[in-house]
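Let me begin by presenting the structure, written as structure tokens, before commenting on it.
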Amino acid sequence: MKTLRMMLLMLATGAIQAQDMTEVTVQPHFVSAWLDNATAIELDIPTGAHTYAVRFGPDELQPAMSTFINRPPTLQAPGVSSESGRLRLVVVPPEQPGGSGTCNRHSGQAMLFIGTITPEGDTDYLHNMPFCAPYPDRNEPFQTNRFAMAITEQPVVIGEWIPVYLHAWLYDPTETSEFLPVDQAFSVHISFHADNRSTHIPDELPPRIPELLDLDEVRYTLREH
């Protein structure tokens, strides 16, 4: 009985203390401030594609994920899948090293959101994939700013890796010959597949960051930066 009375007393005390807490509505500006440096990219889903794979992160360690493409039923034919219009990716780069204890002091937590966009513009089946990305030393004297770009001039072909995003940290070329350190960069790649029975991650790795730097689109963007 003494134990029961103690438990009831603890519960009552907890209820009183809980009155100091209030659930409030999430303010959009709070979230938008976090997404200020995000990049949104949309790709046409090629005809015949049923799955896609994605690789993301630095060259040395790229996590991978593969899943089916969501095709919601149409109003005209319930139960019959319709063609999805586009695939949307939102890349949120890290804002600080450590990632609140998730990553080490040489990297920060980045986020990758992927969702299907129907022809009507609706978003469904949003995937959220956090990962650790390189982050420069705060004491590095030559760091100037970040470099982030959507790579949009690559054709979307079933069965091939398509580079869609590149992120790096720029350094002052007057102080060092290394304008864009490759080891402080990460990329995102997509690959569509026609197999409608199982998901698939290609054994072949996507282009590495030095190869992406040789793309005309990337070179011109860097030149203008």
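Observations on the model:
- Qualifying residue in the stretch 20-41 (condition: buried (at least 16 other Cβ atoms within 10 Å of the Cβ) and either of a type outside the set (Ser, Thr, Tyr) or modelled with pLDDT under 90 (or both)): yes
- Of residues in the stretch 187-220 being surrounded by fewer than 16 Cβ atoms within 10 Å (Cβ to Cβ) and among the hydroxyl-bearing types (Ser, Thr, Tyr), the one nearest to the chain's Cα centre (by Cα): 199
- Count of residues meeting criterion [modelled with pLDDT of 90 or more and assigned to a strand (DSSP E or B)] in the stretch 134-155: 3
The values are calculated or read from the model by the stated rules, or taken from the named source; none is laboratory data. This is a predicted model, so every value here is computed, not measured. A quick note on method: Cβ atoms are made from the backbone with ideal geometry, for glycine too, and the neighbour counts reach across all protein chains shown.
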